[in-house]
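Below is one structure; the comments refer to it alone.
Every read-out reported here was derived from the displayed coordinates using simple, explicitly stated rules and does not represent laboratory data. In this text, all values refer to a predicted model and were calculated from it rather than measured experimentally. A quick note on method: Cβ atoms are made from the backbone with ideal geometry, for glycine too, and the neighbour counts reach across all protein chains shown.
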């Protein structure tokens, strides 16, 4: 798992209480929806807002994902103000992984996203000289 995902989730848990709620016979760790708005603004606001995807739409999407996974009962109005930690973590992980994929072809890395092996240096042209050095 990406270290940065762990860091984001710890930061959110430090700022917003994580409560265990009952969903049927299952107990699910949930976090306040304010954490979703922080994730939207800090991690993906620029990207998603360019697509006209609002924080409320992200919350709706996470609620639907939680219901599909049996982690949240959307008919229970008491659960409107929370999101399962597992679902939020999954979103954060997948979003960060997709950003990392964008950086790979450019030879760039993002701290906390790489394994211990060294990434290759920036792209070199066929003659072996750095493209940027020719400018």
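Of note:
- Neighbour counting of Cβ atoms within 10 Å sorts the residues 40, 16, fewest neighbours leading, into 16, 40.
- Kirkwood Rh in Å, taken over region 1-87 so that all alpha-carbon pairs contribute: 13.5
- Listing 43, 61 from fewest to most neighbouring C-beta atoms within 10 Å gives 61, 43.
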